[in-house]
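The values are calculated or read from the model by the stated rules, or taken from the named source; none is laboratory data. Quick caveat: nothing in here was measured; it's all calculated off a predicted structure. Cβ: placed from backbone, ideal geometry, glycine included. Neighbour counts: every protein chain shown. For accessibility, only protein heavy atoms count, side chains too; no ligands or nucleic acids. Shrake-Rupley method; radii C 1.70, N 1.55, O 1.52, S 1.80 Å.
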Amino acid sequence: MYKRQVISESIQEKDPKTLFPLQAALGYDIAQNLFISKKNLLVEGISDLIYLQTIPSILESEGREHLNNDITIVPTGGLDKVATFISLLRGNKLDMVCLLDTPTDAKGKARIDDMIKQKLIKQKKIRYFHEFIDGYTQADIEDLFTKEDYLKLFNKTFPEYDDLTIDNLNNKIKPIIIQINQALEIDRFNHYRPANELLKQGLKSDDFDNETLNNFEKVIAEVNKLFN
């Protein structure tokens, strides 16, 4: 006679060592995409990785605060995977901080709250981009740029669209991503392409508004502090 088995959705594990089989099963995939270190900054995607490497390098060249060299940026592949990464990595005594877009769906927010309740990560170790921009309650990493700076990057990246200006945007909406989607009447554009364009251009501090650099510096300063 078969016994009934119940599968829990909880990601808490009393003994971190029992996660080893799952870590081993996923190890190859993780190794193909990540370099894990003692201090890991978990972000959602590759675009975040590029922006948080490129702009802080510009800050460093200007003698401003930059990301500490012992911090590794880890793209998890989306908000829904952040909890899984924390659960997998926590048994290795690694220090982790999450820097995330503001959750826009209840399920994603619930998973983050569940991690905190289960003491997988402290609440102070999870920060959202809107916390660093005055007047925002929802933001993505792209909102750390001034709208003018991001539009310059966007227009350079997407020659298939007519150039957008501030006048094309709905100023009643804060997040630049939503504004652009609405202006172009599309569901979504490829967020990776502007980040990749930023890499290719090799821009310097003079190419950005000081407000953009200040926003990124605020984020970096907080991240550095959270790892100390």
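Mind checking which residues of the stretch 44-77 are open to solvent by less than 40 Å² (accessible area, probe 1.4 Å) and more than 22 Å from E197 (Cβ to Cβ)? Listed by number, the residues that qualify are I71, T72, V74, T76. Kindly evaluate I166 against the criterion of being under 18 Å from the mean Cα position of the chain (by Cα) and modelled with pLDDT of 95 or more. When the stated conditions are applied, I166 does not pass them. Selection over the stretch 205-223 of residues that are surrounded by fewer than 17 Cβ atoms within 10 Å (Cβ to Cβ) and either farther than 25 Å from N155 by Cβ or free of Cβ contacts under 8 Å to residues at least 60 places away in the same chain (or both) gives a count of 7. Selection over the stretch 173-204 of residues that are without any contact (Cβ under 8 Å) to a residue 40 or more places away in the chain, open to solvent by 30 Å² or more (accessible area, probe 1.4 Å) and in a helix (DSSP H, G or I) gives a count of 6. Quick one: in the stretch 122-171, of everything that is in a loop (DSSP other than H, G, I, E, B), of a type outside the set (S, T, Y) and within 18 Å of S47 (Cβ to Cβ), which residue is most open to solvent (accessible area, probe 1.4 Å)? In this case the residue turns out to be Q138. What are the residues in the stretch 39-79 that are out of contact with any helix residue (DSSP H, G or I) (no Cβ under 6 Å at 6 or more places or on another chain), charged (D, E, K, R) and part of a helix (DSSP H, G or I), if any? Passing the criteria: only E60.
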